[in-house]
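Here the structure is laid out as C-alpha cells; the discussion comes afterwards.
The values are calculated or read from the model by the stated rules, or taken from the named source; none is laboratory data. Predicted model, so just to flag it, every value in this text is computed and none were measured. With ideal geometry, Cβ positions are generated from the backbone for all residues, glycine too; neighbour counts draw on all protein chains shown.
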Amino acid sequence: MNYRLPKRISTQATFGVCAPSGFITKTNKLDYAEQYLINRGFGVVEGAHTRGQNEYFSGTDRERLEDLHSLISNDKVNAIIAARGGYGLTRLLENIDYELIAHSQKPIIGFSDVTALNLALLAKARYVSFQGPMLVPDMGHDNISPYLESVFEPVLTSSSFISERIAHCEKNSANSDHEKTLKHLEQPLQGTLWGGNLSILTHLTGTPYLPAIEGGILFIEEVNEEPYQIERMLMQLYHAGILQKQSALLLCQFNRCVATDRSATNYSLAQVIHYLRNKLSLPIIENFPFGHVRDKYTLPIGALATLRGVDDRYYTIEMSQYNI
C-alpha cells in the first residue's frame with residue numbers, strides 16, 4: 001500500500017504542542033521541556049488549552065480537538081508533539097479531520113495514548129506518523145536520555161535511519177527461544193512498521209481505527225500491566241487474526257509489568273513470551289528500546305522496516321520511506 005508521507009523537518013522547525021489526552025499536573029515540567037527544544041534551535045507554539053484541566057483531561061473534547069486542528073492549520077507550525085499521554089484520544093477519534101492532517105504533511109509525534117491517533121491516521125488516511133517522545137515525561141527534566149536524542153532529531157530530519165546494534169533477547173530467555181530468534185534472523189525481515197501501546201491496540205481491535213496490515217513488523221510496549229493481563233491482550237490480537245498476519249513481532253519495553261501480591265501466582269512475562277513463541281510461527285524479537293522508559297526510539301508508523309541479524313546476540317533495524 002502506498003502511504004501518504006509527512007515532510008521532513010528542518011533543524012529550525014517549530015513544534016506545535018498540545019495535550020490531547022490527560023491534563024498536565026506539573027506545568028513547570030512543560031516549561032522545562034519547551035525551553036529544551038528552544039535551546040536546540042526549535043520554535044514552540046502551544047495549543048490554547050494545553051495547560052488546562054477539565055475532569056481527567058486538559059480540556060473538553062471539543063477544546064482538545066480544536067487545539068489539534070488549530071496547530072495543524074497554523075502555517076508557522078511544522079510538526080505536532082504531544083505534551084503527555086494518559087487517556088482521552090479515543091474520545092476524539094470520530095471527529096478528527098484526518099484529511100486535514102494528511103494534507104498538512106506535518107509529523108505527529110507521541111506514544112502511549114497517542115497510539116490511538118497514530119493508528120487511526122494510518123487506517124483512515126493512510127498517513128504516516130511517529131511513535132516517539134513527549135514533552136513532559138521525556139524532556140521535562142534535566143535527565144534527558146542521550147539515547148533518545150541520538151534518534152529523535154535524525155529520524156525527523158532525514159529520510160532513513162539505521163539503528164546501532166540492539167541485543168535481541170533478554171538475559172533470562174530460554175535457550176530454545178534464543179535459537180528460534182537466531183534462526184528467524186538468518187535472513188533480513190522486512191515489512192510495514194506499526195504498533196505502539198498494547199492496551200490501545202487491543203481497544204482499537206474491531207474498530208475502523210485499527211489499520212489492516214499484513215506482513216508487517218508489529219511492535220508493542222506496555223506499562224503497569226501484570227503479565228497475565230498482557231497475555232490476555234495478546235490473545236485477543238491472536239484470536240482476531242492480527243498476530244498471525246505479521247512478518248515479525250517486536251517486543252519493546254514492558255515497564256513495571258510484573259506479578260503483584262494480588263496475583264494467584266508469580267506468572268512472569270518470560271513465561272508469557274515463551275507461550276507466545278510456541279503459539280506463533282513468526283519471529284518474536286525481544287528487548288527493543290521503546291516504551292514507557294527513559295531510552296526510547298522514534299518509530300515511524302507506516303515506514304518500511306528491515307530487521308537484520310548481526311551475530312548471535314545483536315540485530316539492527318532500518319527504517320525508510322516515512323517522509324519526503
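Can you pull out every residue in the range 51-89 that is surrounded by fewer than 18 Cβ atoms within 10 Å (Cβ to Cβ), among the polar types (S, T, N, Q) and either touching a residue at least 12 places away in the same chain (Cβ under 8 Å) or not in a loop (DSSP other than H, G, I, E, B) (or both)?
GLN53, ASN54, SER70, SER73, ASN74
Would you tally the residues in the range 41-59 being within 23 Å of the chain's Cα centre (by Cα) and either more than 19 Å from VAL77 (Cβ to Cβ) or of a type in the set (D, E, K, R) (or both)?
Final tally of qualifying residues: 3.
Table: residues versus (1) over 30 Å from ALA79 (Cα atoms); (2) among the small types (Gly, Ala, Ser); (3) surrounded by fewer than 22 Cβ atoms within 10 Å (Cβ to Cβ); (4) not assigned by TED's automatic domain parsing to the domain that holds GLY85.
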{"position": "ALA264", "(1), (2), (3), (4)": "yes, yes, yes, yes"}
{"position": "PRO289", "(1), (2), (3), (4)": "no, no, yes, yes"}
{"position": "ARG294", "(1), (2), (3), (4)": "no, no, yes, yes"}
{"position": "LEU299", "(1), (2), (3), (4)": "no, no, no, yes"}
{"position": "TYR314", "(1), (2), (3), (4)": "yes, no, yes, yes"}
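State whether the residues of the range 254-261 include one that is outside any loop (DSSP other than H, G, I, E, B), out of contact with any His (no Cβ under 8 Å at 6 or more places or on another chain) and modelled with pLDDT of 95 or more.
Yes.
Mind listing whichever residues of the range 262-288 are farther than 24 Å from GLY215 by Cβ, in a loop (DSSP other than H, G, I, E, B) and not hydrophobic (A, V, I, L, M, F, W, C)?
Those that are farther than 24 Å from GLY215 by Cβ, in a loop (DSSP other than H, G, I, E, B) and not hydrophobic (A, V, I, L, M, F, W, C): ARG262, SER263, THR265, ASN266, TYR267, SER268.
With the checklist (1) of a type in the set (Asp, Glu); (2) closer than 26 Å to ARG4 by Cα; (3) part of a strand (DSSP E or B) in hand, flag the one item GLU214 doesn't pass.
(3)
Out of curiosity, is VAL293 out of contact with any Cys (no Cβ under 6 Å at 6 or more places or on another chain), hydrophobic (A, V, I, L, M, F, W, C) and under 23 Å from LEU135 (Cβ atoms)?
It is true that VAL293 is out of contact with any Cys (no Cβ under 6 Å at 6 or more places or on another chain), hydrophobic (A, V, I, L, M, F, W, C) and under 23 Å from LEU135 (Cβ atoms).
Among (1) within 22 Å of TYR238 (Cβ to Cβ); (2) surrounded by fewer than 17 Cβ atoms within 10 Å (Cβ to Cβ); (3) not aromatic (Phe, Trp, Tyr), which single condition is ILE285 missing?
Just one mismatch for ILE285, condition (2).
Would you mind telling me which numbered condition in (1) of a type in the set (Ser, Thr, Tyr); (2) over 20 Å from ILE144 (Cβ atoms); (3) surrounded by fewer than 24 Cβ atoms within 10 Å (Cβ to Cβ) TYR36 fails?
TYR36 satisfies all of (1) of a type in the set (Ser, Thr, Tyr); (2) over 20 Å from ILE144 (Cβ atoms); (3) surrounded by fewer than 24 Cβ atoms within 10 Å (Cβ to Cβ) except (2).
In the range 301-312, which residue that is part of a loop (DSSP other than H, G, I, E, B), at negative phi and in contact (Cβ under 8 Å) with a residue 12 or more places away in the chain is surrounded by the fewest Cβ atoms within 10 Å (Cβ to Cβ)?
The extreme case among them is ASP312.
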